[in-house]
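Take a look at the structure set out below.
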Amino acid sequence: MPSSSPIPVGVRLPLAGPEFTPSALLELSRRALELGYETLWVGDHVLLPEKSSSVYPHTVDGARPFRADTPWLDPLLQLTWLAGALPTARLGTSVLILTLRNPVLIAKQLATVSWLTGRPVSLGVGTGWLREEYDAIGVPFEHRATRAKKAIAEIRELLARGRRDYSVRGADDEPRTTSFLMAPTAPAPVEFLWGGFSPVALRLVASSCDGWLPAKQSPEELEGHLRRLKDACDDAHRDFDELKLVVKPGPGPDPRAGGIDKDSLAAYAELGFREAILEMPYDTGGLAGAVATLERVATRSWP
């Protein structure tokens, strides 16, 4: 059923595991769409250390709210699977850790998703917080915002044109510039939504992205970030009103970070946000508990 909330609401799906087998994830996704949620969002980690000195930025005590053996599915494969089963669902990542991956391979995956599904993808992207994950994969943790900006430009070029020049070694082992082709290109739009709110992140949104998808913040904190984002857009000669703003009010990994109801959605709409994401708690109570959460939020958010 369609919702009548001030702005659309999507769902970041729970993580896979014994309580959320493929059939349970699919059933929860179907139920969310029936209740009026519009976009299915999925998160991302590649691998997790059993012990870590990195500070998790989204809880009060800095401790990550999930164990190292928590299953994280590959987000683009999961979205492709969901698209095949749910032909009306909108799809998004919240968020893909962009700089853990080769941008050419991401472009190929996105073009494939776009070609197979014919549907837009809202690609929430970020650079993550877990230094040990970068070390294990063998990519540098430092200067990742600069690399992210270059990666977004490279992916956009490949998705749109299917052509880009790269430096390769010739027969004499000397570097030379060669034009490469990538097919298919992406027939459906892929929008980039940046997930951070640091000064560097806001400048990246203004210069390189289609929108902003910050981690959970209070409305008061968001107002301050929005003022700084508008200033960044002015500096980049970018029209702030072009940006798609997506908010994650909660509940989620830290339940103290807010909630979703008609009043809060109206307040977020007033700030300029165009969509909200319900982040399912890591401890959902299984399929029944997750469905109950969806129903409870829907009841208080739209008739």
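Some values worked out for this structure:
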item	result
Among the residues listed as Gly36, Gly43, Gly62, the single one being of a type in the set (Gly, Ala, Ser) and under 17 Å from the mean Cα position of the chain (by Cα)	Gly43
Residue that is within 19 Å of Glu191 (Cβ to Cβ), crowded, with 20+ Cβ neighbours inside 10 Å and either touching a residue at least 24 places away in the same chain (Cβ under 8 Å) or of a type in the set (D, E, K, R) (or both), where the choices are Thr80, Thr99	Thr99
Complete set of residues in segment 119-144 that are farther than 15 Å from Leu96 by Cα and either touching a Gly at 6+ places or on another chain (Cβ under 8 Å) or of a type in the set (Phe, Trp, Tyr) (or both)	Phe141
Members of segment 127-141 found to be of a type in the set (A, V, I, L, M) and assigned to a helix (DSSP H, G or I), listed by number	Ala136, Ile137
Selection status of Leu76, modelled with pLDDT of 95 or more and within 14 Å of the chain's Cα centre (by Cα)	yes
Hits in segment 25-60 - residues which are assigned to a loop (DSSP other than H, G, I, E, B), touching a residue at least 24 places away in the same chain (Cβ under 8 Å) and either of a type in the set (Lys, Arg) or under 29 Å from Pro8 (Cα atoms) (or both)	Gly36, Tyr37, Glu38, Gly43, Asp44, His45, Tyr56, Pro57, His58, Thr59, Val60
Qualifying positions in segment 207-230 - more than 24 Å from Asp44 (Cβ to Cβ) and either buried (at least 22 other Cβ atoms within 10 Å of the Cβ) or in contact (Cβ under 8 Å) with a residue 40 or more places away in the chain (or both)	Ser218, Pro219, Glu223, Leu226
Within segment 165-182, considering residues that are of a type in the set (A, V, I, L, M, F, W, C) and surrounded by 10 or more Cβ atoms within 10 Å (Cβ to Cβ), the one farthest from Gln109 (Cα to Cα)	Val168
Given (1) closer than 20 Å to Arg31 by Cβ; (2) more than 21 Å from the chain's Cα centre (by Cα); (3) touching a residue at least 60 places away in the same chain (Cβ under 8 Å), number of the condition Tyr282 does not satisfy	(2)
Boolean, Ala107 is touching a strand residue (DSSP E or B) at 6+ places or on another chain (Cβ under 7 Å) and crowded, with 16+ Cβ neighbours inside 10 Å	no
Candidate set: segment 1-34, residues that are over 22 Å from Gly124 (Cα atoms) and in contact with a Pro (Cβ under 7 Å, 6 or more places away or on another chain); chosen: the one surrounded by the most Cβ atoms within 10 Å (Cβ to Cβ)	Phe20
For Ile155: the one exception among (1) touching a residue at least 24 places away in the same chain (Cβ under 8 Å); (2) closer than 24 Å to Gly62 by Cα	(2)
Options Ala63, Ala68, Ala111: the member that is part of a helix (DSSP H, G or I) and of a type in the set (Gly, Ala, Ser)	Ala111
Residue in segment 285-303 that is surrounded by the fewest Cβ atoms within 10 Å (Cβ to Cβ), counting only those that are free of Cβ contacts under 8 Å to residues at least 40 places away in the same chain and over 16 Å from Gly259 (Cβ atoms)	Ala288
Subset of segment 256-303 [more than 28 Å from Phe240 (Cα to Cα), out of contact with any strand residue (DSSP E or B) (no Cβ under 9 Å at 6 or more places or on another chain) and of a type outside the set (A, V, I, L, M)]	Arg256, Pro281, Tyr282, Asp283, Gly285, Gly289, Glu295, Arg296, Thr299, Arg300, Pro303
Residue check, Arg203 in contact with a helix residue (DSSP H, G or I) (Cβ under 7 Å, 6 or more places away or on another chain) and closer than 19 Å to Ala151 by Cβ	yes
Residue satisfying condition, being part of a loop (DSSP other than H, G, I, E, B), on the phi < 0 side of the Ramachandran plot and out of contact with any Lys or Arg (no Cβ under 7 Å at 6 or more places or on another chain), within set Leu73, Leu77	Leu73
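The values are calculated or read from the model by the stated rules, or taken from the named source; none is laboratory data. What you see is a predicted model, and the numbers here were worked out from it, not measured in a lab. Neighbour counts run over all protein chains shown; Cβ positions are idealised from the backbone, glycine included.
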